[in-house]
2 protein chains.
Amino acid sequence: MKMSDVAKMANVSPATVSRVLSNPELVSKKTRDKVLEVINQVNYQPHIVARQFRTKETKTILAVVPDITSAFFSEVLRGIEHTAIREGYQVILGDTENSVERENDYINLLLQKQVDGMLLLTARLEKEKLEELAEHFPIVLACEYIDGLNVPTVSIDNISAARKATEHLIKLGHERVAHICGPMNVILGRDRLRGFRQAMMSHDLDVDPSYIQEGGNESLESGYNQMMKLLALETPPTGVFVYNDEMAMGAMKAVKNSGLRIPEDIAIVGFDNLKMASVVEPHLTSIDQPKYKIGQKAMSILIQKINKEKITKQSFVMKDHLFIRQSCGGQSFVSSSEQKT
Amino acid sequence: MKMSDVAKMANVSPATVSRVLSNPELVSKKTRDKVLEVINQVNYQPHIVARQFRTKETKTILAVVPDITSAFFSEVLRGIEHTAIREGYQVILGDTENSVERENDYINLLLQKQVDGMLLLTARLEKEKLEELAEHFPIVLACEYIDGLNVPTVSIDNISAARKATEHLIKLGHERVAHICGPMNVILGRDRLRGFRQAMMSHDLDVDPSYIQEGGNESLESGYNQMMKLLALETPPTGVFVYNDEMAMGAMKAVKNSGLRIPEDIAIVGFDNLKMASVVEPHLTSIDQPKYKIGQKAMSILIQKINKEKITKQSFVMKDHLFIRQSCGGQSFVSSSEQKT
DNA sequence: CTGAAAGCGCTTACAG
DNA sequence: CTGAAAGCGCTTACAG
């Protein structure tokens, strides 16, 4: 059943059927009702690919994530999808599994006009390549970013958030503070390390090189292994800021397996504020990112770009919060980076 | 840049360019090389939507999940996506957020020919509707299913797995065994309850009605609340089989918050064997589903259906395993439903 | 308010 | 092995 069949049955032209579907206000009520009746009667479904082909719009966007199994991204994706649906867009999900090649592959969907725009939740491509691409196609970055990149980006200030997390430990009296790093080939890993260093320096605390555990991926296991190394030191740290909650939970497991207590022997701060952070024992103190909002914001900016609206700002910095729970032994209150606006 | 431009530059017809791209063996090596050179030189990208329109194939399938934030589904999705990519298909993800209406909405993608097939990881539609739909479009169910449905389905045997989980508690000497149910409007919730009842009955154990906690969703919070109700009973159970790991972790939290010990005061078994099951304290004994394999299998069957191959079986039952950890106090070994084949 | 006609960029049956 | 031509099912500028 195609549009011309419906047209025949309703004694109108295909053009009129098309208008009833896409611009009903252009058609008289009488004609419109007649056409709609036929459409309902035969349960006509327009061939959307034909429409996409004709209009050069797919009403579909691609969201590329580095790891679909991460609890962090699923929240961001919800924000993206809700906004997309409200605006009449569908979302295709691309999982790179942390591979730059796969990230590159997904760009073909743009080049081949299979999607109207792309949301990158991972940004490991070269800056120049990405900028060049963004001149021709609607692209928005979120969560991850590239320094000085001239492409709209939605994220939190990872450096200051990491500084805040580290300072929380310092303020509780810890002087031997360590950092379990994220991947150093990802900017978030470098930023959070930098924030850690800044906090230590501004409080005149030395950073023992062995207190910085690099290497490994973002997994539970990696957090476990790196914490084991810290515990094996002659003078282990008393406080540890961990790259993210997933690794922090691995680190907690290492501490407990070693017969030590959290926070009495080792205090731990995480990052991302996953749901699990308030399930593990003791509940994990963590930096919260407004995951859902980041998704929403990134999607709305992408739609603006698709509609060729001018974007004034290129960098959208969202608020983070330190959720203080029991893993550092601090009292229970919420500190925030919020500037009241 | 379109195909006819490339054709002109290479002094061939558009048909030849098309053949070079889709059926290179039909073109002489000389012509082929000439065309490929032009393609590379101008970096030509075919307009895929035009191809989809022309061939009536989108090479895209839709995977519908009830909850994208669930750690369980992301593993299944990986299995789906890896198989899809290997076979030249893309995957669109549809998140219903447990709403039947949203599940219904995604069916439009099929009706409108936007996807070649659909993988349902949730199945809350009416049986008749789904069967009717499956007559006209390639559809495969996975994880969830509908009793007696004549549509290919990949899952584990939830009833026997639930029985096995419950029997594990019984064999450890528990007589007051309770079940924290999943949602009763989902077949998995009903099946696991049934398995629980079967185990109790076949060991001549009474099931106190108050030991069956129904109601609530599949969340951590719901697991917490239902366990609190069990603990408030005059004679609380000593062992609890919980619908899934997420709820089980909520239930564990309730036990600990009440000052009781796991497994000494309350033993707990979960379901799904999430990664977090071996992170929480104590590590959670749980039924493992072969998530990745389920995804792989479901996707290969779907591709067979798309290719109009005959499917002999309609029901594909995968093996589950009981992973015994510390939350029941049993010793550490793996029991399996595996029939050596 | 409505219709006739062109055309989006490919693929493929047909002819040579 | 290659080309000319038709056609996939819509939308939209144009004319009336």
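So here's what we get for this one:
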{"read-out": "Cut-off 14 Å, label 7 Å out along Cα→Cβ of A:Met1, residues of region A:19-45 by amide N", "value": "A:35-45"}
{"read-out": "Excluding exposed DSSP-loop trypsin sites (Lys or Arg not before Pro) (at most 14 other C-beta within 10 Å), longest clean stretch of chain A", "value": "A:57-260"}
{"read-out": "Distant-in-sequence amide H partners of B:Leu141 (H built 1.01 Å from N, under 5 Å)", "value": "B:Leu120, B:Thr153, B:Val154"}
{"read-out": "Portion, in percent, of the accessible area of the protein assembly as shown that falls on carbon or sulfur, probe 1.4 Å", "value": "48"}
{"read-out": "Partners for B:Lys127 among aspartates and glutamates (Cα-Cα distance below 18 Å; same-chain residues under 8 apart left out)", "value": "B:Glu101, B:Glu103, B:Asp105, B:Glu135, B:Glu144, B:Asp147, B:Asp191"}
{"read-out": "Within 10 Å of each Cβ in A:276-283, the average number of Cβ atoms from other chains", "value": "4"}
{"read-out": "Theoretical gain in end-to-end length, A:Asn185 to A:Asp33 [0.36 nm per residue, Cα-Cα removed]", "value": "48.7 nm"}
{"read-out": "Ratio Rg/Rh [Cα only; Rh per Kirkwood] for the protein assembly as shown", "value": "1.01"}
{"read-out": "Residue among B:Gly223, A:Leu274, B:Gln296 farthest towards the positive dipole end of the protein assembly as shown, charges placed on Cβ", "value": "B:Gln296"}
{"read-out": "Mean separation of Cα contacts under 8 Å, 6 or more apart, over the residue count of chain A: relative contact order %", "value": "16"}
{"read-out": "Estimated FRET transfer efficiency when R0 is 35 angstrom, pair B:Lys310-A:Thr55 (beta carbons, to 0.05)", "value": "0.35"}
{"read-out": "Summed buried accessible area for A+B [probe radius 1.4 Å, Å², rounded to 100]", "value": "4200"}
{"read-out": "Pairwise FRET efficiency - A:Asn257 versus A:Glu97, Cβ, R0 = 35 Å, nearest 0.05", "value": "0.75"}
{"read-out": "Integer Hz, Karplus 6.51/-1.76/1.60 couplings in order for region B:313-326, x for Gly and Pro", "value": "8, 9, 10, 10, 9, 8, 7, 10, 9, 8, 8, 8, 10, 9"}
{"read-out": "Neighbouring partner chain Cβ atoms per residue of A:50-60, average, 10 Å criterion", "value": "3"}
{"read-out": "Estimated FRET transfer efficiency (B:Val317, B:Glu87; beta-carbon r; R0 25 Å; 0.05)", "value": "0.60"}
{"read-out": "For A:Thr31, solvent-accessible area (1.4 Å; no DNA, RNA or ligand), Å²", "value": "40"}
{"read-out": "10 Å Cβ neighbours from other chains, averaged over peptide A:106-116", "value": "3"}
{"read-out": "Residues in region A:233-266 reached by a label modelled at A:Glu175 [backbone nitrogen below 14 Å; 7 Å Cα→Cβ]", "value": "A:237-239"}
{"read-out": "Relative compactness, region B:1-157, computed as alpha-carbon Rg over 2.2 N^0.38 Å", "value": "1.36"}
{"read-out": "Reachable lysines from B:Lys291, criterion Cα separation under 16 angstrom, eight or more residues apart if same chain", "value": "B:Lys275, B:Lys319"}
{"read-out": "Chain B - Rg (one decimal) and Dmax (whole number), Cα, Å", "value": "25.4, 89"}
{"read-out": "Residue-averaged [θ]222 nm for chain B, counting only DSSP H segments that reach four residues, each worth -39500 (n - 2.57)", "value": "-13500 deg cm²/dmol"}
{"read-out": "Per-residue HN-Hα couplings for region B:179-184 [Karplus 6.51, -1.76, 1.60; θ = phi - 60°; Hz; x = Gly/Pro]", "value": "10, 8, 7, x, x, 7"}
{"read-out": "Residue-normalised accessible area of region A:250-314, given per residue in Å² at a 1.4 Å probe", "value": "40"}
{"read-out": "GluC sites (Glu not before Pro) within region A:214-319: DSSP coil, no more than 14 neighbouring Cβ in 10 Å", "value": "A:Glu214, A:Glu234, A:Glu264, A:Glu309"}
{"read-out": "Label distances, nm, A:Met184 versus same residue in remaining copies, Cβ-directed 7 Å point", "value": "5.8"}
{"read-out": "Two-decimal Rg/Rh across region B:215-341, once Rg and the Kirkwood Rh are taken from alpha-carbon atoms", "value": "1.11"}
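The values are calculated or read from the model by the stated rules, or taken from the named source; none is laboratory data. On a predicted model such as this, the values are computed, not experimentally measured, just so you know. In this analysis, Cβ positions are derived from the backbone assuming ideal geometry, glycine residues included, and neighbour counts consider all displayed protein chains. Just the protein is used for accessible areas: all its heavy atoms, side chains included, with ligands, DNA and RNA removed. Shrake-Rupley method; radii C 1.70, N 1.55, O 1.52, S 1.80 Å.
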